[in-house]
Number of protein chains: 2
Amino acid sequence: MNWDSLFAERTKQMKRSTVREILKLTAKPEVISFAGGLPAPELFPVDRIREATDVVLAERGREVLQYSTSEGMPELRGLIAKRLAHGNFQIHPDNILITSGSQQAIDMLARIFLNEGDRVVVENPTYVGMMSSWKSYYPRFSAVPTDNDGMLVDELPTLLAEPHKVMYAIPTFQNPQGTTLVQSRRAQLARILVEHGLPFIEDDPYGELRYSGDKVPSVLQMEAEVRGATNADGNVIYCGTFSKILTPGLRIGWVAAAFPVIDKLVQVKQGADLHTSTLNQVITYEVARDEAFLDAHIAHLREVYRQRRDLMLQTMDEYFPAEVTWTRPEGGLFLMVTLPAHLDATDLLKQALTHDVAFVPGEGFYIGDAGKNTFRLNFSNSREERIVEGIKRLGGVLKAAVRG
Amino acid sequence: MNWDSLFAERTKQMKRSTVREILKLTAKPEVISFAGGLPAPELFPVDRIREATDVVLAERGREVLQYSTSEGMPELRGLIAKRLAHGNFQIHPDNILITSGSQQAIDMLARIFLNEGDRVVVENPTYVGMMSSWKSYYPRFSAVPTDNDGMLVDELPTLLAEPHKVMYAIPTFQNPQGTTLVQSRRAQLARILVEHGLPFIEDDPYGELRYSGDKVPSVLQMEAEVRGATNADGNVIYCGTFSKILTPGLRIGWVAAAFPVIDKLVQVKQGADLHTSTLNQVITYEVARDEAFLDAHIAHLREVYRQRRDLMLQTMDEYFPAEVTWTRPEGGLFLMVTLPAHLDATDLLKQALTHDVAFVPGEGFYIGDAGKNTFRLNFSNSREERIVEGIKRLGGVLKAAVRG
């Protein structure tokens, strides 16, 4: 069979995720990898999950192992709605859909919105997993440049002179840069969204992982304020996940959005995978409904990740050459490094791997040709001594490259 | 927001699954529902699953709660490959991809194969969950009629005078009819597939649930024989699942196919949901790797489901009017009833619900206008006394309709 000739047009430009393929190269224990986006497994609340799982299987095993509804477990939807509420701002559980990780939400949103050729607004750089899903729907990406305060919202009105179908961004602790859209720009963005009637996908996997600076409200909430409303029936489609605050292996994410969007996503989800694992939803609910526990657990994650971030930045300050710059995130899992323009991070990765240290070249996160001289570092998934050792090695590689 | 105006073309004809919406109506405990496709929860090996889960969380909680590869857990892929092998026919674990239930496999296969307007061959009637996924890719369905021995393979060569991209069928204990493609037609089908170079998606969720008659080889295996090969590198893409032999709530399915197909599916899966729940794959592996247990468990399912099928058929023989006919499946979960041509099963369902008994009208399973006078009955998910009581009530409704 000549399979290639049979595959659909949309698959032609697909390739295996570069990030995931690099992760395979770095699976050897001697490699100090800053490449993945993995949370630290030593912080997973394994005992809590084990205990909750045992209880649900003992008390209602038949129910939690059976098929369930495409919308998701009502109690879990209620809990998420409650956690997203803030002051007067309230979300109804009917505005929540449970997904198989937030990657599925991102993919299904493309499916319900994108016709071939539709214009979509994204930050530049942006999340590579969104692009690898969305490209197969053939949108035209309009890229908004970013600086250390997030995307340049000022540039949106000019862009939006052309009609755009939808906008996607990670406003808080962005992947790959770790940067956050500051409050004044959020307010401006919310006004523009309402004014232009533009749906905005707020991808927020890292929002609860803040290590310094002041908390900023979600765009979801700020858009409601602009509308003078206290509900989630506006333009913002908010994607959340338990992957970074509990564990990713359960694959429990969610969408909070206006009901017509949820209703359409449910129709897509029925065809996509019927529903998200019943057992995993119930485990997540049983662990998360003890909100005192969950909040303490998140506080602990913040404490450990803060130390790792600080240690990485401090070691970079000491060992990286002056020609190299980087972001200084207030939260999340990543920071991004910029090399002198003539250096290529993919070449540098080959050098780094000979010293058993790895990162993800930034190129794949960019729309267009930019970013060849950038790379992403993850600081959440390495223990302190490996952060120091890995950054030292990387500093050596960088110095050789910069001065060579 | 006028959301409807923003949704993509492909979503226009989407609607919530009729079957799943009927299931909601029948959730009241007093309703005897033959509507769902649910396995019997009282037969789930809950204790085994509980024990296995506790062991994996105790021994390697961090690993089983972390992100994992898109292809799936190597040991589980190996186990599936081993169970699919038969005599000389062998499958390499690299030819297996783990999916979030076999619904996801069906959906991702449409994604890798279907351009708008591509012709696809399906049985008529066929699985409604396939249609609800595939319709959004705008294929042209060519329907092959069926009788009690499965699809009329004789009609394929004429159909295939027009080029077709792919063919989809459930050859064994079909949903909705419960019928099985007999061996002579399988051999003929396998020859046609090889001759025409036509990819064939063999959806086989029920194959292990045989209650009477002789086992027939999979089309996967017979196609290899036609090629004179002993591997899975041919035209057949086989979709399997643990939903019917263990539990559906874990959402563990798989695809066995030629490597280029698996490779392309992995690319799609990375964008669709990164990977299937690590924990659920490991639980499934831990339970299923005790093959003596698994085989004994399947034997027990067969025994109970056989009794339920026999009891349903026997009660139908006694209480259904002579004007009504039905299939007599050798396995699976369903049988299909045909009413006199002037009767409409959707009208009948309204009558039936007033007597607290439910089924799924057949219309949704058909390509074209056929099937309005048919409905599907599930016999796996009702205990014996409810089968008798439900069929008696339905017999009353049918007699009133037929004679009224």
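The values are calculated or read from the model by the stated rules, or taken from the named source; none is laboratory data. Just so it is clear, the structure is predicted and the values come from calculations on it, not from any experiment. Neighbour counts run over all protein chains shown; Cβ positions are idealised from the backbone, glycine included.
If you scan the stretch A:71-81, which residues turn out to be more than 22 Å from B:Thr284 (Cβ to Cβ), of a type in the set (Gly, Ala, Ser) and crowded, with 19+ Cβ neighbours inside 10 Å? Of everything in the stretch A:71-81, just one residue is more than 22 Å from B:Thr284 (Cβ to Cβ), of a type in the set (Gly, Ala, Ser) and crowded, with 19+ Cβ neighbours inside 10 Å, namely A:Ala81.
From the list A:Glu202, A:Glu225, which residue is more than 13 Å from chain B (Cβ to nearest Cβ) and closer than 27 Å to B:Asp273 by Cβ? Working first, answer last.
Working: A:Glu225 fails: closer than 27 Å to B:Asp273 by Cβ.
It is A:Glu202.
Consider B:Leu109 carefully, then state whether it is buried (at least 22 other Cβ atoms within 10 Å of the Cβ) and either away from chain A (no Cβ under 14 Å) or in a strand (DSSP E or B) (or both).
Details: buried (at least 22 other Cβ atoms within 10 Å of the Cβ): yes; either away from chain A (no Cβ under 14 Å) or in a strand (DSSP E or B) (or both): no.
No.
The residue that is modelled with the lowest pLDDT, among those in the stretch A:1-21 that are assigned to a helix (DSSP H, G or I) and charged (D, E, K, R), is A:Arg20. With respect to the conditions (1) small (Gly, Ala, Ser); (2) in contact (Cβ under 8 Å) with a residue 60 or more places away in the chain; (3) farther than 23 Å from A:His92 by Cα, A:Ala257 falls short on a single one, namely (3). Note on the stretch B:118-133: among residues that are of a type in the set (A, V, I, L, M) and more than 10 Å from the chain's Cα centre (by Cα), the one that is modelled with the lowest pLDDT is B:Met131. When every residue of the stretch B:306-316 is checked against the conditions, none turns out to be part of a loop (DSSP other than H, G, I, E, B), out of contact with any strand residue (DSSP E or B) (no Cβ under 7 Å at 6 or more places or on another chain) and not acidic (Asp, Glu).
Of all the listed residues (A:Val194, A:Val128), the sole one being within 21 Å of A:Thr18 (Cα to Cα) and in the same structural domain as A:Ala258 (by TED's automatic domain parsing) is A:Val128.
Once the stretch B:33-56 is narrowed to residues that are of a type in the set (A, V, I, L, M) and modelled with pLDDT of 95 or more, the residue that is nearest to the chain's Cα centre (by Cα) is B:Ala40.
Does the stretch B:94-104 contain any residue that is surrounded by fewer than 24 Cβ atoms within 10 Å (Cβ to Cβ) and more than 7 Å from chain A (Cβ to nearest Cβ)? Scanning the stretch B:94-104 turns up at least one residue that is surrounded by fewer than 24 Cβ atoms within 10 Å (Cβ to Cβ) and more than 7 Å from chain A (Cβ to nearest Cβ). Being of a type outside the set (Phe, Trp, Tyr), surrounded by fewer than 19 Cβ atoms within 10 Å (Cβ to Cβ) and not in a loop (DSSP other than H, G, I, E, B): is that true of A:Lys24 here? Yes; evaluated as a whole, the condition is true for this residue. Of all the residues in the stretch A:63-89, those that are within 14 Å of chain B (Cβ to nearest Cβ), in a helix (DSSP H, G or I) and of a type in the set (D, E, K, R) number 1.
A:His300 fulfils the conditions (1) surrounded by fewer than 17 Cβ atoms within 10 Å (Cβ to Cβ); (2) in a loop (DSSP other than H, G, I, E, B) except for a single criterion, (2). With respect to (1) of a type outside the set (Gly, Ala, Ser); (2) surrounded by 21 or more Cβ atoms within 10 Å (Cβ to Cβ); (3) at the interface with chain B (Cβ under 9 Å from one of its Cβ atoms), the lone exception for A:Leu265 is condition (3).
Checked against (1) small (Gly, Ala, Ser); (2) under 24 Å from the mean Cα position of the chain (by Cα); (3) more than 7 Å from chain A (Cβ to nearest Cβ); (4) closer than 30 Å to A:Ser136 by Cα, B:Ser5 meets all criteria but (2). Give me the pairs: first residue in the stretch B:269-295 and touching a residue at least 40 places away in the same chain (Cβ under 8 Å), second residue of a type in the set (Phe, Trp, Tyr), beta-carbon distance under 6 Å, and six or more apart or on different chains, which are they? That search, which allows pairs on different chains as well, returns B:Thr284/B:Phe242.
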